[in-house]
Every structure is written in C-alpha cells, then in structure tokens.
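**Q** Sharing a structure below in structure tokens format, with a few things to ask.
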2 protein chains.
Amino acid sequence: MKQLHQITVIGLGLLGSSVTLAISRSLAGVKTVGYSHRAVTREKARHLGVAELVCDDIHESVREADMVILSTPVCTFEGIFREIAGALPDGCIVTDVGSVKGLPHRWAEKVLGPKVYYVGSHPIAGSEKRGLEFARDDLFVSTRCILTRSARTSSAALGRVRRLWQTLGCSVRVMTPAEHDRIFGRVSHVPHVTAVALVNASNAEEIKYAGKGFIDTTRVASGPANVWSDILLTNAENIGRGIDGVIKELTKIKRAVLNKDVKAVEKLLSDAGDKRAALIKYKMKNKELL
Amino acid sequence: MKQLHQITVIGLGLLGSSVTLAISRSLAGVKTVGYSHRAVTREKARHLGVAELVCDDIHESVREADMVILSTPVCTFEGIFREIAGALPDGCIVTDVGSVKGLPHRWAEKVLGPKVYYVGSHPIAGSEKRGLEFARDDLFVSTRCILTRSARTSSAALGRVRRLWQTLGCSVRVMTPAEHDRIFGRVSHVPHVTAVALVNASNAEEIKYAGKGFIDTTRVASGPANVWSDILLTNAENIGRGIDGVIKELTKIKRAVLNKDVKAVEKLLSDAGDKRAALIKYKMKNKELL
C-alpha cells in the first residue's frame, strides 16, 4: 500500500471541491489534483485555486494518484471506472462520495482490476446549493462518514480511507453496501422524495402563502435534479419500499383525521414528536447539530 | 366602534405571549391583559411581565376589553366563546390567532351576540418551540397575517384588526374562511402531516444516521401535538384531499423510479426544483425570508 502523496478528485462540484479544499487544509504534503469533464468548471477551479493542479485530461489526472475520489453523480461511476481503469497505478485506492453504495461496489468489482482497491465512502455532508463557488474547506467537520466494505474489500485500503475522512473531521462508521442503501434510502432518499412530492402537489399561486414550515420541509427539493435522479434510480428497490412506508403512515393519519378520532390523531402526532425529540437529543449529544 | 384602550389575550403560550409583548412594544397607551387557564402559566406570565395584568378569572379579563384575541388551540374556541360571551362589552372585537378559520367563524356567529364583532386572524408566525419562555416581541415583524371575513363580518371591525396586525409588523391579506382553509391545508397542514408520516415511517435506530436534510424536512413534526391535532381535525376535509394529492405525487415518483424511467424521474425532480426556486425568489423579493 502506497503512502499518500497525491489525491485526485474527479468532479469539481460543491462536494468535490470541498474535498480538495479540506485536504489542502488538513493534509500537509498531499498534492491535490482535480478533474472535471467541463472546460468551464476546470477554468473556474483554476481561478479559485480549488486544487493544486487541475488537469484537462482524466487519464493524466489519475496516473500518479495514490487515491482517487469520484465526486460525480452515481450513474457516471461505471463509465468513469472503465475510463480510468487502465491509467490507475497499481495499489491505487479508489473511493467516491456517492449517496448510494450497492451498485458502485458491483461496478468497481467488475471493472477495476485486482491491483486497485475500492472502498465506498459516503460523507453525510452537502448542501442544496450547487457548484464549486459554494465549496467549503470545513464542510466535513463534525459530520459522519459511512464507509462500505464488501467481502472483497481490502482492510488496509479501508483503514487508509478511514484515516482520510477522520483527518477531514468526520466520525466514521463502516457497514455493508446493502445496509447502507437500506438505511439511507429511508433517512435521506425517501425524505427527498416526499419534499419533491409536496412541492409538486402544491399550486404555484397558493404556495406564495407558505411559511417557514413549508420552506424547511421542502428545502432538499432544491437539490440538483441530475444528482438526485441518479440516487433514486440506483437505489430503486429501497426507494419503492420507503415510499410505501410513508404512504402507509399518511393513510393512517388521513383515516384518523376523517374519522375525527382525536385520540388516534394526537397519538400519531405525539409519537412523531417524541421520536424526533430523541433524535435531536442524540444528535446534540454527539455534537452533530452545530 | 370603541377606541382601543385594552386588548386581552386568552392563552399565554409562545404565540399569545408574543402578541402581548408585541402590542406593548408597538402600541403605546394600550393596556395588555392576559389570561391562561393554568395557574402555573399565569404565575410565569406575571414573573416574566408578559402582560400588564394577568387575570385569574377569564370573565374579569375580558370585561373591559376593546379587543379579545384567542390564542389557544382551535378546538377550544367554541367553549371559550360561550364562556366569555356574557362578559364581553358591547362593541368588543373578538379575533384569534388560529390556523383554521372556517369553524371559528361558524362558532362565533352561533355563540357571540350581535353586539360583538368577530374577525378571523391567522398570523403566519410561530415556532416548533412551546411556551411563553420563547415569546418574542418581534415575532410578527415581516410576516404575513391573513384576515378572514364572512358575509356577516363588520368592515369597521376588520379595519381595526387589520391596523393592529400592520402595527405589529405584518403585511395583511383578507380572504374568506373557506379560501383560507383550502390554501393553508395545502401549504401548512399537509406539510405538517408529511413530516409526521416521515418520522413515524422511520426506524428509531436508523434515523441516528439522519443528516441535515431529514432534520429540516421533519422540523415541524416537533410542533405541539395538541395544537396540531386541533388544526387537522378542524380542517379535516381539506387535509384528506391534500394527503391524497401528496400520495398521488409519491406514487408518480415511485412508478418512474421502479420503471427506471430516467427522463420522468428527472422531470419530476426538476419541476419541483423550479417551482421552489420561483417561491424562494418571490419570498426574497417580498422580504419574507430574513
């Protein structure tokens, strides 16, 4: 396993650029290299000094990398793995910041050779804003990062990736890709879907009367459509089941309300309040809400 | 129509106490009187100086009031109207801060005599926090306040209530109770229901992995269960229809995702993003997002 001299980030949006900036801030001696398939993004990245070197050629960007971090929409991973596979040096670690982990593991095992180590990463950080202009070198401070390992994942590579995220400020937890996709389907992808459904169900004139509640409840629906479309499509089965779960709960509330069942309505509301209060308490204790 | 010398607020939670504090700040010469049915709340209200006078007796609290503002859960309005009807001076204006307006209008017309004027108010302000400790004298600054009038509402009383809310910092819009309940069913009550459904559909262990998206999307679910239970039950038909609308949109997304219909998924997501962007732009222009 190589020492870390160069880390290459492919995809220089808000998340990718925050990774290069955070590495520059926290890892002295590691060279950051960036690549974006868009010339205008590469230009901006150079102008803003987001990475030490921004390459015009994807092969060139990874040829001397000890670690490559994909920070593009999940659906592009398979194609990028194919594109860079031949250019990766032996012993290189490949990871990513995608919100889905099952398919990336399968693609990596199929496409990347046996001399390259894949580990899945999912830092729970981001923003509904888009673009490297909004990148922050402290985006990962006090956040969680989930790492995923399959039966074929190298423990040494996993340890290396773990130390990287810890250095950037994350508390790291390891799980299987299947476990990851089930959990994040429910706590992240399905909430995104309900926010989108709420906005789509609303009338453009009527929502002018919306207050802070609607604004907060639907905030995530302003996230980039292409990124989220990829997430939903690559975690489809979990999303389908999660939507069914929400519809079931909505139907319970509807029935209780239309039956004027005061006790049932109050219980559904107070159960949610209690569960959320416990969550907030847990997050505060873990200093995850700043 | 009387001049405003005394305004009585019944119910001294976060909203009621913010009303008395805001009146004290903005309306010199108007005496603020408060009443709560709980002795412990009255004690706290006196201790914190939330109103000039806090009465132990509800009749006494309204006997010299030029305006009475109900700030209790909507379901209590009919009972309170009955209780105070005999004690209200002729010409008194009665209003409220409830989130539902159809039933309060019907109750007022049935219970309050012809010498008392009822106008519905719904200031779009509040918090998921509870209790007078969180009251703020600037809670209504730069917010909207909806006033509701039926065929029997006095224009003079409406004008008086309108000036009150404007003085507290609200921009006022007048509509019918039916229009109000339809609109706020969709932009406020149904989003509350979806937040509750999301929390109830989640697994207590799994939500420990929730990020900022889940926290924001479900924030309103921490609102007081008794207040929201009242809102849902008094606006039941609109809530039922609104939940159906959200389920319809959830089902569209589910179908597109399970069919791996990339174009359909992207369109559903970008439609929501565009609609929400227009909303944020409108709110910024109106300085309603501070």
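**Q** For segment A:171-202, which residues satisfy the criterion of being more than 7 Å from chain B (Cβ to nearest Cβ) and not in a helix (DSSP H, G or I)?
**A** A:Ser171, A:Val172, A:Arg173, A:Val174, A:Met175, A:Thr176
**Q** Filter segment A:22-52 for residues that are touching a Lys or Arg at 6+ places or on another chain (Cβ under 7 Å) and not polar (S, T, N, Q) and give the result.
**A** A:Glu52
**Q** Taking A:Arg255, is it more than 7 Å from chain B (Cβ to nearest Cβ), surrounded by fewer than 24 Cβ atoms within 10 Å (Cβ to Cβ) and outside any helix (DSSP H, G or I)?
**A** Answer is no for this residue.
Okay, residues lined up against (1) under 16 Å from the mean Cα position of the chain (by Cα); (2) of a type outside the set (Lys, Arg); (3) at pLDDT 95 or above:
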residue: A:Glu83; (1), (2), (3): no, yes, yes
residue: A:Gly91; (1), (2), (3): no, yes, yes
residue: A:Val97; (1), (2), (3): yes, yes, yes
residue: A:Val100; (1), (2), (3): yes, yes, yes
residue: A:His105; (1), (2), (3): yes, yes, yes
residue: A:Val111; (1), (2), (3): no, yes, yes
residue: A:Pro114; (1), (2), (3): no, yes, no
residue: A:Ile124; (1), (2), (3): yes, yes, no
residue: A:Arg182; (1), (2), (3): yes, no, yes
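**Q** Is it true that A:Ser61 is more than 23 Å from A:Met175 (Cβ to Cβ), surrounded by 24 or more Cβ atoms within 10 Å (Cβ to Cβ) and not hydrophobic (A, V, I, L, M, F, W, C)?
**A** yes
**Q** Residues B:Val220, B:Val227, B:Val246: which one is more than 7 Å from every other protein chain (Cβ to nearest Cβ) and among the hydrophobic types (A, V, I, L, M, F, W, C)?
**A** B:Val227
**Q** Limited to segment B:259-290, what total is found for residues that are of a type outside the set (A, V, I, L, M, F, W, C) and at the interface with chain A (Cβ under 7 Å from one of its Cβ atoms)?
**A** Of the residues in segment B:259-290, 8 are of a type outside the set (A, V, I, L, M, F, W, C) and at the interface with chain A (Cβ under 7 Å from one of its Cβ atoms).
**Q** Can you pull out every residue in segment A:230-243 that is at the interface with another protein chain (Cβ under 7 Å from one of its Cβ atoms) and either among the small types (Gly, Ala, Ser) or in a loop (DSSP other than H, G, I, E, B) (or both)?
**A** The answer is A:Ala236, A:Gly240.
**Q** Can I ask one more? State which residue pairs qualify: first residue within 11 Å of B:Val141 (Cβ to Cβ) and inside segment B:159-170, second residue in a helix (DSSP H, G or I) and among the hydrophobic types (A, V, I, L, M, F, W, C) in any location, beta carbons under 8 Å apart, and separation of 6 or more residues or different chains.
**A** Qualifying pairs under 8 Å: B:Leu168/B:Val19; B:Leu168/B:Ala22; B:Leu168/B:Ile23; B:Gly169/B:Ala22.
**Q** So A:Ala156 fits all but one of (1) part of a helix (DSSP H, G or I); (2) closer than 23 Å to A:Glu288 by Cα; what number is the exception?
**A** (2)
**Q** Okay, next question. Would you be able to say whether some residue in segment A:159-175 is within 20 Å of A:Thr32 (Cα to Cα), among the β-branched types (Val, Ile, Thr) and crowded, with 18+ Cβ neighbours inside 10 Å?
**A** Yes, because at least one residue in segment A:159-175 is within 20 Å of A:Thr32 (Cα to Cα), among the β-branched types (Val, Ile, Thr) and crowded, with 18+ Cβ neighbours inside 10 Å.
**Q** Could I ask something else about it? Within segment B:128-146, take every residue that is part of a loop (DSSP other than H, G, I, E, B) and within 9 Å of chain A (Cβ to nearest Cβ) and give me the one that is surrounded by the fewest Cβ atoms within 10 Å (Cβ to Cβ).
**A** Looking at the filtered set, the residue picked out is B:Glu128.
The values are calculated or read from the model by the stated rules, or taken from the named source; none is laboratory data. This one's a predicted model, so the numbers in the text were calculated from it and none came from an experiment. Cβ atoms come from the backbone with ideal geometry, glycine included; neighbour counts cover every protein chain shown.
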